[in-house]
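Here's the structure we're looking at; comments come further down.
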Amino acid sequence: MILVQGVSKVYRLYRRPFDRIRELFAFGGRAFHQEFWALRNISFRVERGETLGIVGPNGCGKSTLLAIVSGILPPTSGRVVTEGRVAAILELGAGFNPEFTGRENVYLNAEILGLGRRRIEEVLPSIERFAEIGEFIDRPVKQYSSGMYVRLAFATAVHVEPDVLLVDEALAVGDAIFSNRCIQKFEEFKRRGVTVLFVSHDLGLVKQIADRAIFLLDGQIAAEGRPGDVVNRYVGMVLERREREQRAEAHEHSGLRSSHRHGDGASRIEEVALINRCGAPATVFEAGEPVRVRIRARFRREVDEPVVGILVRNRLGLDVFGTNTRVEGRRLGRFGPGERLEIEFGFDCLLTRQEYTLTVATQNWDGTSQDWLDDVLAFRVVDAKERAGVANLRTEISWRRH
């Protein structure tokens, strides 16, 4: 369990090193520094066995928060309570002595975390198999690549039987095989009741493994809740910062519901429909059935070569398929204020039996959004056969006996 109550962290920023001394002897308590609040009044709780993901732009306080939770940094105010053994993988190389071999660092870190020598010897083969760095286990870690470094650090942390695991971008330098292995380990931790708090810029990973997510912005919690909703909020903020114009129509009623909507307002999507093989709007489709996505939009300003796109996500919020008119090589020309566009995307529903959402957008040619609607429609795919994954690849089997 992790409990964070009213945690704030402020740093004093000095223009010159000598200003620190001037401040010590200044008359009247004159200050020669500026205060930078890395965190302001952060409060949340992570229950036993829960996985909480933290997202946000660089400089928003994510790593500072993990360092405070791990006990490396003291908070300026507030308190943090953790229960059980805490294992942390923070910045790359933290906790490893570069002159020691990988094996020596495993023993050192495991003993610091409270494992006895006999227990370390029992789990060491598992650590070596998980890290897969071969003979480098007996070489100084200063000879390691960043990928090898994080492999060994992660393997050590997850094999010391932690009650709480803190991870800061540890999977960013791993390859696909190692990342999948780590994800499986996270799932194992859930079953074992291990509490996990992790920071990642990989939004797909956050959607996949987190039970709950927090969006940090300027040292404060901007959103908290379901990973898909929080990630959508974060993506929307990123896109809005890239766009020069504010969303003048943010509160305008359109009859469409979405988990998050943003854009510069050059056009407005007024209708979205999923059409089945009979030509009727539907929310349930058979696997393999032809599907059409119909989008109607009205332009509020003159736009040259607008782009319209669709994105299908599964129930975990992971992107399954997306395309747009630019990718498909379809130029739409120029539209003036008041003109309307109706467009349809057609595809075969080669998806497995589960629930999905549809995201639609009108965009400028450079990729900035005019009107983006996250998860505007939900639909379900039905199939008599239970298949794994999200894609129904229409498998054919041929065989013969010899």
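Derivation of every value follows stated rules applied to the coordinates shown; laboratory data play no part. A quick note: this is a predicted structure, and the numbers were derived from the prediction, not measured. So basically every Cβ, Gly included, is an ideal-geometry build from the backbone, and we count neighbours across all protein chains shown.
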### Query
Dividing the alpha-carbon Rg of segment 1-132 by 2.2 N^0.38 Å yields what?
1.40
### Task
Go ahead and run the numbers for FRET between E328 and Y11, Cβ-Cβ distance against an R0 of 51 Å, rounding to 0.05.
0.55
### Hz values of 3J(HN,Hα) by residue in segment 311-325 - Karplus curve (6.51, -1.76, 1.60), Gly and Pro given as x
8, 9, 10, 8, 5, 8, x, 7, 5, 9, 7, x, 7, 8, 5
### Query
I89's amide H: which non-local residues (gap 5+, or another chain) put their own amide H closer than 5 Å, with H modeled 1.01 Å from N in plane and none for Pro or chain starts?
L166, V167, D168
### Query
Which residue fluctuates the most in the chain, going by a Gaussian network model with Cα springs under 10 Å, if the choices are Y11, Y234, Y107?
Y11
#### Entry: Most to least packed among 112-124, 47-59 [average Cβ atoms within 10 Å]
47-59, 112-124
#### Entry: Cα centroid of segment 107-137 to Cα centroid of segment 314-377, whole Å
49 Å
### Per-residue [θ]222 nm for the chain (sum of -39500 (n - 2.57) over DSSP H runs n ≥ 4, rounded to 500)
-7500 deg cm²/dmol
### Task
Using per-residue counts of other Cβ atoms within 10 Å, averaged over each peptide, order 61-67, 318-324 from highest down.
61-67, 318-324
### Task
Compare the peptides 384-390, 202-208, 129-135, 332-338 by average per-residue count of other Cβ atoms within 10 angstrom and give them in order, highest first.
202-208, 129-135, 332-338, 384-390
### Dipole magnitude (debye, nearest 20) for the chain, charges at Cβ of Lys, Arg, Asp, Glu
300 debye
### Message
I want the antiparallel fraction of DSSP beta bridges within segment 280-402, as a percent rounded to 5.
### Response
90 percent
### Query
Can you give the Rg and Dmax of segment 266-344 based on its C-alpha atoms, in angstrom?
14.3, 40
### Summary
Taking placed amide H atoms and a strict 5 Å upper bound, the residues 5 or more places from T352 or on another chain that come that close are A391, N392
### Query
Roughly speaking, what % of Cα-Cα pairs in the chain are separated by over 42 Å, rounded to a whole number?
29 percent
### Task
Using θ = phi - 60° and the Karplus relation 6.51 cos²θ - 1.76 cosθ + 1.60, list the HN-Hα couplings for segment 41-53 in order, rounded to whole Hz, with x at every Gly or Pro.
6, 8, 9, 6, 9, 10, 6, 4, x, 8, 10, 10, x
### Query
Considering amide H positions built from the backbone, and no H for Pro or chain starts, which residues 5 or more places from E289, or on another chain, come under 5 Å of its amide H?
C349
### Query
Given R₀ = 51 Å, FRET efficiency for E121-A273 by Cβ-Cβ distance, to 0.05?
0.20
